[in-house]
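Participant: Have a look at the structure that comes next, please.
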Amino acid sequence: MSGWQPLEEIVPEEIFRAEVAAWARRMGVWPREVRLRPMKRKWASCSSRGVLTFNTELLRQPAAFRAEVIVHELLHLKVPNHGKVFRALLRAYLAPGRGED
């Protein structure tokens, strides 16, 4: 099987978008738009208008790391900063067992 790659080596864009949608439903948030594009300095961003942009390199990262980035950005739709409430909610959403609902 020379052309076979484990799923976590590269995830199709549709699968990634499904992951974002699943997390958004779980968190009760609705991004206005989800974009994928190459980014030089960060994994993702969230605009004040609710547009999430993810680095295309995220498609090549392990599922657990993708989940962290996705949850981080979706959480900004509820909490616009990185304060105590943001950090507590991030930990709660990413706690073992939470992502498998």
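We did not get these values from a lab; they are worked out from the coordinates using the rules stated. These figures come from a predicted structure and were not determined experimentally. Because the Cβ atoms are built from the backbone with ideal geometry, glycine has one as well, and the counts that use them run over all protein chains shown.
Participant: Give me the dipole magnitude in Debye, nearest 20, for the chain about the Cα centre, with unit charges on the beta carbon: positive for Lys and Arg, negative for Asp and Glu.
Facilitator: The calculation lands at about 600 debye.
Participant: Angle between the Cα long axis of helix 63-75 and the longest principal axis of the chain, 0 to 90 degrees, nearest 10?
Facilitator: Roughly 30 degrees between the two axes.
Participant: While we're on this one: Sequence-distant or interchain residues sharing an amide H contact under 5 Å with Met39, placed H: which?
Facilitator: Amide H neighbours of Met39: Thr56, Glu57.
Participant: Helix 84-94 versus the longest principal axis of the chain: what angle, 0 to 90°, nearest 10, using Cα atoms?
Facilitator: Around 40 degrees separate the two axes.
Participant: Then there's this: Restricting to DSSP loop positions (anything but H, G, I, E, B) with no more than 11 other Cβ atoms inside 10 Å of their own Cβ, which trypsin sites (Lys or Arg not before Pro) remain in the stretch 21-101?
Facilitator: The qualifying sites are Arg32, Lys40, Arg41, Lys42, Arg49.
Participant: Report the extension gain between His82 and Ile15 in nm, rounded to one decimal, defined as 0.36 nm multiplied by the number of residues separating them, less their alpha carbon distance.
Facilitator: 21.4 nm
Participant: Additional query: Counting pairs of Cα atoms in the chain, how many percent are more than 18 Å apart?
Facilitator: In whole percent, the long-distance tail amounts to 46.
Participant: Give me the net charge of Val51's neighbourhood, meaning all other residues with Cβ under 13 Å from the Cβ of Val51; Lys, Arg count +1, Asp, Glu -1.
Facilitator: Here the charged neighbours net out to +2.
Participant: Which net charge results when you count Lys and Arg as +1 and Asp and Glu as -1 among the other residues whose beta-carbon is under 12 Å from that of Val20?
Facilitator: Within the 12 Å Cβ shell, the charges total 0.
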